[in-house]
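The values are calculated or read from the model by the stated rules, or taken from the named source; none is laboratory data. For clarity, every value in this text was computed on a predicted model and none was experimentally measured. Note that we place each Cβ from the backbone using ideal geometry, even for glycine, and neighbour counts take in every protein chain shown. The accessibility values were calculated without ligands, DNA or RNA, using every heavy atom of the protein model including side chains. Shrake-Rupley method; radii C 1.70, N 1.55, O 1.52, S 1.80 Å.
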Amino acid sequence: FSNGNGVKGSDPLFDELAKEVSAMSDFSTHEAMFFRLDTETNCLYMIFVHSTKRGQAQGGTRLKYEGYEKLEGAIMDGMRLSKGMTDKNSISEIWWGGGKAVICPLTMDIFNEIDKHKMENKDKIYLNLDLRKSVFVNFGKFVASLGGIYIAAEDMNTKTTDMLTILSVCRFVTCLPPEVGGSANPSGWTAQGIFKSMLATVMHFENKNDLSGNTVNIQGLGNVGLPLAELVLKSGARLNVYDTDAEAYETLASYGDKVKAVSANEIYTIQSDIFAPCAIGGILNKDTIPLLNCRYVIGAANNQLRDFDEDYKLLNARNIIYLPDFFINRMGIINCANEQYGRLENDLKDEVEKVYSETLELLADCDATSKTPQEVALKWATEKGEILHPIWGHRSIQLLNNYIARTK
Ligand code: NAD
C-alpha cells in the first residue's frame, strides 16, 4: 500500500495493517511500504521506500530479531532507517533514493534456525543453509516483484553471500561478492572515512594533522572498528577499546600498552578525546550521554542517536561535538554505489578525501551559523535530496502505479 500521494490500492490481507501504519507520524513522509508474509519460512518481509527523487530506493536489508516487541516498533524503525538512507545517499551525492528492508523472523526460534552458524577461523559458516537460502530466495522474489523500486544491499545480520542468493532470482541487489563483479566488503573504506573525519575534526579544533597525543575510545572491534583502531594507532593516538566478543582484541595485542581493554561502562566514562561508536545503534541517549568524558563523538555505527530529535541537543548542551553518522559513515554505501557501472579504486580514494574536506566545511558552517553538525548536515542532505535524478528522477512513482495496476 502507499501513502495515497497519487498512488492507490492495497492488498486486502493487509488492510488493517495499512490503517494502523497510515496513522503513524512518519508515514506521510514516505512514498511507499511493502509487506509480505512468507509462510514457507515464517518471516515477515518489509520494504520501506522513503524517497525516489534521486533514483531507485537503495538501502540495506537487515535480518532483525531483537528489539522489536511489537510490529509497530519494526515499522517505525524501518521508516526511520529508510529516511536515513535518503539523507546518506543525498549527502554522498549518489543517484539513489532511500529505502530499507527488514526481514523479521516471527519467533526467536526461527531466527536462531536461520542464523545458526559456527565460528571457524573467525569466519561465520552457516550450518542451516537450506533455510537461510529459502529466506533470501523468497525475499529476492519479493524484491523482483516490485520491478526496480527498491534495490537490496547487505546490512545487519546479512552477508554478501545472502546478496548472491537474492541475485539468483532478482537483478535489483548490490553488495555482491567480487567473484560475480560485486564491490565486496566495504568496511575498510568505511573505516578510512571515519578516520578522515577524525583528522578533519582535530585539524579544525586543534590545528593538528594527526592524532598524536589524542586518546580514542572505540566501542566495537568488528569489520569497521578493527581497521579504524589500526589507523588511529598508526596516527599516534592511544586507544581504549571494548567489544562484547573477547576474541576481537587479539589482533591489537601487538600494540602493547597503547591499547587498553576496558569494560562496557568504562568505554563511555573513561577520559578520551574521541568516542567512536562502531558497534550498534541507539547508544547515544539520555542514559549514556551524561556518562561521556570526551570532546568529540565520531563513529561508524548507524543511528547512534536513540532519539533523533533530542539526543544531539543533549550532546550539544555538554559541549560535545557529534558528527552525524550518516555524514561520516558514507563510504560503505559509496563503495557499492554504481556497482553496475564498474568500480575504480581511484574513485573511492577521491571520495575518502571528500569526507575530509566536507567535514571541514561542515564544521566551518557550524561556526558561521551557530548550528550543530547534525543540524547543518541534515539541512544539506534535505537540499540535495530534493534534486531529481537527471534522467530517472522520481520515476518510482510511475513504477509504483504500474506495480499496483499489475497486482490489483
Ligand atoms: P560488525 O558486526 O563487523 O562489528 C560489530 C562489532 O561490535 C562486533 O565485533 C561485535 O562483537 C561488537 N559488539 C556488538 N555489540 C556490542 C556492544 N554492545 N558493545 C561493544 N561491542 C559490541 O559490524 P561492522 O560492519 O563493523 O559495523 C559496525 C557499525 O557500523 C554497525 O552499526 C553498522 O551498521 C555501521 N556501518 C558499517 C558499515 C560497513 O561498511 N561495515 C558502513 C556504514 C555503517
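Things worth noting here:
- Unmet requirement for residue 363, which otherwise passes all of (1) surrounded by fewer than 17 Cβ atoms within 10 Å (Cβ to Cβ); (2) part of a helix (DSSP H, G or I): (1)
- Residue match in the stretch 86-102 (condition: modelled with pLDDT under 85 and within 30 Å of residue 377 (Cα to Cα)): no
- Any chance residue 263 is out of contact with any Phe, Trp or Tyr (no Cβ under 6 Å at 6 or more places or on another chain), open to solvent by less than 20 Å² (accessible area, probe 1.4 Å) and farther than 22 Å from residue 86 by Cα: no
- The criterion of at least 2 residues that are out of contact with any Ser or Thr (no Cβ under 9 Å at 6 or more places or on another chain) is met, among strands (runs of 3 or more DSSP E) falling completely within the stretch 238-319, by 259-261, 274-277.
- Candidates are the residues of the stretch 159-177 that are in a loop (DSSP other than H, G, I, E, B) and more than 11 Å from the ligand (Cβ to nearest atom); the one that is most open to solvent (accessible area, probe 1.4 Å) is 171.
- Condition met for residue 236 (on the phi > 0 side of the Ramachandran plot and in contact (Cβ under 8 Å) with a residue 24 or more places away in the chain): yes
- Condition check for residue 218: touching a residue at least 60 places away in the same chain (Cβ under 8 Å) and assigned to a strand (DSSP E or B): yes
- Conditions (1) at pLDDT 95 or above; (2) closer than 28 Å to residue 208 by Cα; (3) within 9 Å of the ligand (Cβ to nearest atom); number of the one not met by residue 264: (2)
- Of the numbered criteria (1) more than 30 Å from residue 76 (Cα to Cα); (2) among the small types (Gly, Ala, Ser); (3) part of a loop (DSSP other than H, G, I, E, B); (4) within 16 Å of the ligand (Cβ to nearest atom), the one residue 229 fails is (3).
- Only residues that are open to solvent by 10 Å² or more (accessible area, probe 1.4 Å) and within 16 Å of the ligand (Cβ to nearest atom) were counted across the stretch 178-189, and they come to 8.
- Filtering the stretch 302-341 to residues that are at pLDDT 90 or above and among the small types (Gly, Ala, Ser) leaves 317, 332.
- Of the set (1) open to solvent by 50 Å² or more (accessible area, probe 1.4 Å); (2) within 30 Å of residue 160 (Cα to Cα); (3) touching a strand residue (DSSP E or B) at 6+ places or on another chain (Cβ under 7 Å); (4) among the hydrophobic types (A, V, I, L, M, F, W, C), all apply to residue 218 but (1).
- Qualifying positions in the stretch 321-342 - among the β-branched types (Val, Ile, Thr) and open to solvent by less than 10 Å² (accessible area, probe 1.4 Å): 328
- Flag if residue 346 is open to solvent by 90 Å² or more (accessible area, probe 1.4 Å), of a type outside the set (D, E, K, R) and either touching a residue at least 24 places away in the same chain (Cβ under 8 Å) or in a helix (DSSP H, G or I) (or both): yes
- Scan of the stretch 237-252 for residues that are surrounded by fewer than 19 Cβ atoms within 10 Å (Cβ to Cβ) and more than 6 Å from the ligand (Cβ to nearest atom), ordered by number: 246, 247, 249, 250, 251
- Candidate set: the stretch 280-291, residues that are under 24 Å from residue 227 (Cβ atoms) and surrounded by 21 or more Cβ atoms within 10 Å (Cβ to Cβ); chosen: the one farthest from the ligand (Cβ to nearest atom): 284
- Matching strands (runs of 3 or more DSSP E) fully within the stretch 15-113 where at least 2 residues are among the aromatic types (Phe, Trp, Tyr) and open to solvent by 20 Å² or more (accessible area, probe 1.4 Å): none
- A count restricted to the stretch 204-235 and to residues that are closer than 14 Å to residue 192 by Cβ and of a type in the set (Gly, Ala, Ser) stands at 3.
- Members of the stretch 383-404 that are of a type outside the set (Lys, Arg) and assigned to a helix (DSSP H, G or I): 383, 385, 396, 397, 398, 399, 400, 401, 402, 403, 404
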